1. Can you give the Rg/Rh ratio of the chain, where Rg is from the C-alpha atoms and Rh is the Kirkwood radius?
2. Could you state the number of Å between the C-alpha centres of region 58-119 and region 18-38?
3. Set Lys and Arg Cβ to +1 and Asp and Glu Cβ to -1, take the dipole of region 14-75 about its Cα centre, and tell me which of F31, T57, S72 lies farthest positive.
4. What's the FRET efficiency of K6 with V110 using the Cβ-Cβ distance as r and R₀ = 30 Å, to the nearest 0.05?
5. What's the extension gain from T101 to T57 if we count 0.36 nm per residue and subtract their Cα-Cα distance?
6. Over 17 Å apart: what share of the alpha carbon pairs of region 34-103 falls there, rounded to a whole percent?
7. Identify the GluC sites (Glu not before Pro) of region 8-109 meeting these criteria: DSSP loop state and at most 15 other C-beta atoms within 10 Å of the C-beta.
8. Could you list, in their original order, any pairs among K22/K88; K6/K102; K6/K71; K53/K116 whose Cα atoms are separated by more than 32 Å?
Amino acid sequence: FGSSGKYPINVLIDGVQIRKAKRYANIPTHFEGNRFTHRNVDIDESLNFIVSKYGITGNQFLGRRVIHGEKSPTDKTHGLPGDVFRLKKAEPGHPYEWICTKSGIGKGAVWKVLTKVGD
C-alpha cells in the first residue's frame, strides 16, 4: 500500500486468512490521512511480518488482526494498535491473549495482557 499527501488511502481488509506468504503487508508510507481497517483477519505468527520503508506510526489503524502464536509476544513481535495476540495452547492461570497498544515492526511494539486462562 502506498500514498502521498494529496492522495491518502482508506483500506478495508476483511475476511482474510493468511496461509502462505513471505510477509503480511508492505506499507511503504506513513501519513495521518491513511486509514487501514482490519476485520476478521486471522494470521499465524510465522506470517506476521510487516515491511515499511518509512515507518507506520503516522497511519491510522482501526479494527484488529488476530495473531496466533506459540509464545507470548515481545516488543519485536509485529503489531498494529488493536491487534490481539492469542496463544495456540493456553495454560491455566497464565496469560492467553494480549492486545497491542503501540505499533511496532521488529521493535517497539507494546503488548498488554488482555486475558488469562480462567478469567
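Every number in this text was worked out from the coordinates using simple rules, so none of it is lab data. Note that this is a predicted model, so its numbers are computed, not measured. Don't worry about glycine lacking a Cβ; one is built from the backbone with ideal geometry, like all the others, and counts go over all protein chains shown.
1. Values: Rg = 14.4 Å, Rh = 14.6 Å.
Ratio of gyration radius to Kirkwood radius for the chain: 0.98.
2. With region 18-38 and region 58-119 each reduced to a Cα centre, they are spaced 17 Å.
3. Looking along the dipole axis, the top candidate is F31.
4. Details: r = 32 Å, r/R0 = 1.07.
After rounding, the FRET efficiency stands at 0.40.
5. Details: separation 44, 0.36 × 44 = 15.84 nm, distance 1.20 nm.
Answer, rounded to one decimal: 14.6 nm.
6. Details: 997 of 2415 pairs.
Across region 34-103, Cα pairs with separations above 17 Å total 41 percent.
7. Working: sites: E32, E45, E70, E97; in loops: E32, E70.
Hits after loop and neighbour filter: E32, E70.
8. Working: K22/K88 21 Å; K6/K102 27 Å; K6/K71 42 Å; K53/K116 36 Å.
The pairs that break the limit, which is 32 Å between Cα atoms, are K6/K71; K53/K116.
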